[in-house]
Amino acid sequence: MSSFFDTKIEFLKGVGPQKAELLNKELGLFTYGDLLDYYPFRHEDRSKFHRISELEEEMFAAQIKGRLKSLEVIGEGRKQRMIADFTDGSGTIELVWFQGISWFQKSLKVNNEYLVYGKPAFFGGKYQITHPEIEPLVQNASQAGHFQPIYSLTERLRKKYIESKQISKWMRTLLEMSNPYISETLPQSLMQKFRLWPKKNALWGLHLPNTYEDLHQAQRRLKFEELFYNQLRLLKQQLLRKTDYPGQVFNKARLITEFYENHLPFDLTGAQKRVIKEIFGDLKSGKQMNRLIQGDVGSGKTIVAFISMLSAIDGNAQACLMAPTEILAFQHFNNLQKYSEKLNLKIAILTGSSTKKARTEIHEGLLNGSINIIVGTHALLENIVQFNNLGICVIDEQHRFGVAQRARLWEKNKYLHPHIMVMTATPIPRTLAMTLYGDLDISEIDEMPPGRKPIKTVHRYDANRLQVFQFMRDEIAKGRQIYVVYPLIEESEKLDLKNLFDGYESIERAFPNSAISIVHGKMKPKDKDFEMARFKKGETDIMVATTVIEVGVDVPNASVMVIENAERFGLAQLHQLRGRVGRGADQSYCILITTYKLSKDTRKRIETMVMTENGFEISQVDLELRGPGDMAGTQQSGLVDLRLANLAKDGEILKIARETAIEILSQDPNLDFEDNLPIKRHIDKIKNKEMSWSRIS
Ligand code: ADP
Ligand code: MG
């Protein structure tokens, strides 16, 4: 079915076949509908004018009214450029062009007045704007007082003078023609409830806003729509899974009561209790659980996992825990074994290095049901590993395992799939988690066990290194151990390694009486393990390392973390590194060493580290600084291709959109209500579009 919006773009007034072809090739815009959907990525406030005398280098852009004093072309060949002197009475700036010189030479006239827009740069004693936007000044016309939408364009388009202004003009023509055809995509009741603009107005407001308020309302409406449909889709998947997959009902309390009454090693935190309650709710619901447990390192996820396992074991089922590395698997095994022994439960560990004999025994024990809990690595996924009745799977460290592995564990019980609990120590903001793992329920352990001493974090400059060394000496004298971490990235590996070795040498010189270990990714695993073990046993005082120590190592006596070139680490990484200390009874420290010259973002990262230890707060700042595309695990999801909504800033809208989607689906799962008709129509439209795309590609 063809509609107004399928009309080829070349038929729009002023476009024509040649420009249409460019728009096809460069931006993938083919039809009226495509163009209308091509949102500006920002807007410039053109309601203000700047005086040349007030220009500052930090300005993102300036808009100046003035007169062209002179125009000359200098240089030859590739060095050729055109320079104009431009004045507004308060001062003079230079306008510079490297491209399109002959065109501008013809169209600009000395002594005429122009409106100029661009980023000022201070250069050779005066301000310049390179490749400014420039247009003749029209007295009291609509030049002032509006917002210029800025569209993402390519160099080739610019060479053909297709700029944001041009797109705006086409957009105005198109919007005027489209008015009768734009259909509403949200139910009336919903728009009333949240005072959202109609779609039609929102499109006008986004492409051609008159005021800031217009723009804000337009964005609010369109962001809501985007997030609402995003959540609706995820929730439908979730709903499908839940209705399709029943789960074993675990509601006995015998083992748990015994554990609580006789063996609980400490009082659970409020957050732990809350999360356990959420899990128990799932386990007795009759539906298969898919839950993500987020909690910082040290927040006490292990005992939550164990208590959940007890519920399954009480229901005559088995439990498994899968970790990404052998070290972590053993750590878990040792912890769980302590608890299991007290309850006479049988627990085993299976990894790549389990002996053949051990494997055979374990395989048997799992099949006949004599093993209650199995801990392991990927080795658990092998087909030969079969269970008598697998009831619950705990997966540690989400981002290292894919959905495929989750599915393989899930297949290990074909009658009633096991409940799945994914634990991650990389907290991400709820807004992002909801979008990324919208098919999982989410629990947060957002409270640390009591009695933990906060880690003191400070920022020091390179020039203060001697003081840092002195501090390290004092701590070593008290019997503490210290990490000194250097960045190492592939792109600058050679330099980074040299940096690491130089650092190692200077530490050797500065600490002649201390034993020093060095560990980096280029070492043989055997040598690495050997050095790690020495440090762990306390045979060395200082561990000089790259980020290889980020995962796995647990040395309670190490209480100082020195991070060199801290400006080169991301926030998540700094947080993970800091998590290596603060595990023992002593006061711990984290010292971030940087150069003097720091960018604004870097300063913010360092300040955040100094200010808070809360992983959720840190990840929120990280999200704001980097955007969701760069955060751990987002790439694989394909869900973060939101065009308008910013997950860092629009958490409030996302929350409402999600709640609304939940409410609508629970009342009207098939979207049959009259009021929900716009939703049904819009979903069909999206589906058709996706189908035709998949045919093309
Ligand atoms: P993580 O969330 O990093 O897996 P763990 O489960 O390993 O954290 O717990 C970290 C430490 O805190 C362990 O030594 C554990 O015994 C202890 N712990 C956990 N919960 C509590 C609590 N409620 N009170 C006191 N200590 C706790
Ligand atoms: Mg853990």
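Exposure proxy shown here: for 164, 370, 599, the number of other Cβ atoms within 10 Å sets the order, fewest to most, as 599, 370, 164.
Sequence gap at least 6, Cα distance under 8 Å: using those rules, report the relative contact order of the chain to the nearest whole percent. After rounding, I find 11 percent.
Among the listed pairs 200/600; 169/600; 498/537; 412/655; 200/287, those whose Cα-Cα separation exceeds 31 Å are 200/600; 169/600; 412/655; 200/287. Amide H contacts for residue 127 (H built 1.01 Å from N in the peptide plane; partners 5 or more residues away or on another chain; cut-off under 5 Å): 94.
DSSP assigns beta bridges within the chain; of those with both partners inside it, close to 40 percent run antiparallel. Going from the fewest other Cβ atoms within 10 Å to the most, the residues 353, 90 appear in the order 353, 90. In this structure the amide hydrogen of residue 318, modeled in the peptide plane, comes within under 5 Å of the amide hydrogens of 389, 390, 391, 392, none closer than 5 places in sequence on its chain. The length gained by stretching the chain between residue 603 and residue 10 to full extension, at 0.36 nm per residue less their Cα-Cα distance, is 208.6 nm. Put a dot 7 Å past the Cα of residue 160, heading toward its Cβ, do the same for residue 90, and the two dots end up 4.0 nm apart. Relative contact order of the stretch 528-627, taken over Cα pairs closer than 8 Å and 6 or more residues apart, is 26 percent. Converting phi to 3J(HN,Hα) with the Karplus coefficients 6.51, -1.76 and 1.60 and the offset θ = phi - 60°, the stretch 259-272 yields 5, 4, 6, 10, 10, 4, x, 7, 6, 6, 6, x, 5, 4 Hz in sequence order, with x at every glycine or proline. Which lysines have a Cα less than 21 Å from the Cα of residue 494, not counting those fewer than 8 places away in the same chain? In chain and number order, the partners are 522, 524, 528.
Tilt of helix 677-696 relative to the longest C-alpha principal axis of the chain, in degrees (0 to 90, nearest 10)? That works out to roughly 90 degrees.
Relative contact order of the stretch 54-145, taken over Cα pairs closer than 8 Å and 6 or more residues apart, is 30 percent. Straight-line cross-link partners of residue 69 among the lysines, defined as a Cα under 18 Å from its Cα and at least 8 positions apart when in the same chain: 106, 109, 126. For residue 236, the aspartates and glutamates whose Cα falls under 13 Å of its own Cα, not counting residues fewer than eight places away in the same chain, are 244, 439, 663, 668. 3J(HN,Hα) along the stretch 465-474, derived from phi through the Karplus expression 6.51 cos²θ - 1.76 cosθ + 1.60 where θ = phi - 60°, amounts to 4, 4, 5, 4, 4, 4, 4, 4, 4, 4 Hz, with x in place of Gly and Pro. From the Cα gyration tensor of the stretch 153-258, with a ≥ b ≥ c the square roots of its eigenvalues, which class applies: rounded if a/c is under 1.5, or else prolate if a/b is larger than b/c, or else oblate? Since a/c reaches 1.5 and a/b is larger than b/c, the shape of the stretch 153-258 is classed as prolate.
In the frame of its principal axes, the chain has Cα extents of 92, 74, 41 Å, reported largest first. The phi torsions of the stretch 558-572, fed into the Karplus equation with coefficients 6.51, -1.76 and 1.60 and a -60° offset, translate into couplings of 7, 10, 10, 10, 9, 10, 7, 6, 4, 5, 8, 9, x, 4, 4 Hz, rounded to whole numbers, with Gly and Pro shown as x.
For the stretch 54-145, a/c is not less than 1.5, where a ≥ b ≥ c are the root eigenvalues of the C-alpha gyration tensor, and a/b does not top b/c. That puts it in the oblate class. Helical runs assigned H by DSSP (4 residues or longer) give the chain a calculated mean residue ellipticity at 222 nm of -12500 deg cm²/dmol, each run adding -39500 (n - 2.57) before division by the residue total. Under 5 Å from the amide H of residue 420 lie the amide H atoms of 289, 290, 291, 393, each residue being 5 or more positions distant or on a separate chain, with H modelled from the backbone and absent for Pro and chain starts. Remark: for residue pairs 273/301; 453/478; 8/165, the C-alpha separation exceeds 19 Å in 8/165.
Classify the stretch 456-612 from the C-alpha gyration tensor, please: rounded if a/c falls under 1.5, else prolate or oblate depending on whether a/b exceeds b/c.
Details: a/c = 1.39, a/b = 1.18, b/c = 1.17.
Taking the square roots of the gyration eigenvalues as a ≥ b ≥ c, the stretch 456-612 is rounded.
Measuring from centroid to centroid over Cα atoms, what is the spacing of the stretch 182-226 and the stretch 281-326 in Å? Cα centroid to Cα centroid, the span is 43 Å.
Values quoted throughout were computed directly from the atomic coordinates according to the rules given, and no laboratory measurement underlies them. Quantities reported herein were computed from a predicted structural model and do not represent experimental measurements. Cβ atoms come from the backbone with ideal geometry, glycine included; neighbour counts cover every protein chain shown.
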